[in-house]
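Okay, so here's the structure we're looking at.
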Amino acid sequence: MRPQGNMPGGNNTTVQFPLPLAWPDEQHDVEFLVTASSAKAVNTLRQWREWPVAAALLVGPAMSGRSLLAQVFAAQSGGRVIDDADRHDEAALFHAWNDAQAERVPLLLVADAAPPAWNVALPDLRTRLGASPVAEIEAPDEALVRALLERGFARRHLDARDDLIDWLVPRLPQRHQAVAQMLDGLEQAALSGRRRVTIPLARDLLVALTGTAQDIDHA
């Protein structure tokens, strides 16, 4: 099931199932997977016309797809996106926020976290950001971890059995980066020709990733 370039609504089954969201649809490598961990963020961006101000923040952890989701938003809303806004010049952000209100063109600021975690020194900017809605991509749930693994194996042309994915899903740390590191490690091992993509290999990589073997076999 593939939405044709439209963000799902709040009452959609995307809250429960990982569905691909692509812009444009034919570019299969440009895809944002939606599960409960990101459904609220997606819905906030979909409802940009209802924002109390013409600006919002999109925040999420590294490798969460936040920049891709921002691109989807910009393509569908015609709005402007400032990536890594928490490392951007504050005076420039202040003027961009004001310009968005004057021109009624939505502005999306993408960052690791929202203020106050993002320490804003300029008081007027801090006030304006505080008035802006926040769309947060949360840590990946098990549905997203499974979808990312399945997609990652397919894209890397790795022969991964279902039992490997079943084994990995409850054991991987719930971080987007951890999923990417596992996929990279399995691919490197497979390309080296030294090991098959199996549960024992995944276990070795998981121990290296987490620094401990405790509870891995009992998850």
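The values are calculated or read from the model by the stated rules, or taken from the named source; none is laboratory data. These numbers were taken from a predicted model, which means no experiment stands behind them. Here the Cβ positions follow ideal geometry from the backbone for every residue, glycine too, while neighbour counts run over all protein chains shown.
Odds and ends about this structure:
- A135 over 30 Å from R49 (Cα atoms) and in contact with a strand residue (DSSP E or B) (Cβ under 7 Å, 6 or more places away or on another chain): no
- R155 being within 21 Å of S64 (Cβ to Cβ), modelled with pLDDT under 90 and loosely packed, with under 15 Cβ neighbours inside 10 Å: yes
- Positions within the stretch 163-196 being more than 11 Å from L149 (Cβ to Cβ) and either in contact with a Ser or Thr (Cβ under 8 Å, 6 or more places away or on another chain) or not in a helix (DSSP H, G or I) (or both), in sequence order: P170, R171, P173, Q174, R175, H176, G193, R194, R195, R196
- Residue identified as loosely packed, with under 13 Cβ neighbours inside 10 Å and in contact with a helix residue (DSSP H, G or I) (Cβ under 7 Å, 6 or more places away or on another chain) among A121, A117, A135: A121
- Taking the listed residues L125, L148, L144, the one that is hydrophobic (A, V, I, L, M, F, W, C), in a helix (DSSP H, G or I) and more than 20 Å from R175 (Cα to Cα) is L125, with no other qualifying.
- Taking every residue in the stretch 155-170 that is more than 13 Å from E142 (Cβ to Cβ) and pairing it with any residue that is loosely packed, with under 10 Cβ neighbours inside 10 Å and not β-branched (V, I, T), at least 6 positions away or on another chain, the pairs with Cβ-Cβ distances below 9 Å are R155/D29.
- Scope the stretch 74-85; condition surrounded by 15 or more Cβ atoms within 10 Å (Cβ to Cβ) and either closer than 22 Å to R175 by Cα or free of Cβ contacts under 8 Å to residues at least 40 places away in the same chain (or both); matching residues: A74, S77, G79, R80, V81, I82, D83, A85
- Any hit, the stretch 86-94, residues being hydrophobic (A, V, I, L, M, F, W, C), touching a residue at least 12 places away in the same chain (Cβ under 8 Å) and closer than 17 Å to W48 by Cα: no
- When residues of the stretch 57-110 are limited to those that are assigned to a helix (DSSP H, G or I) and basic (K, R), the one nearest to L45 (Cα to Cα): R66
- The condition (being loosely packed, with under 14 Cβ neighbours inside 10 Å, within 30 Å of G193 (Cα to Cα) and over 15 Å from the mean Cα position of the chain (by Cα)) is satisfied by just one residue among D166, D89: D166.
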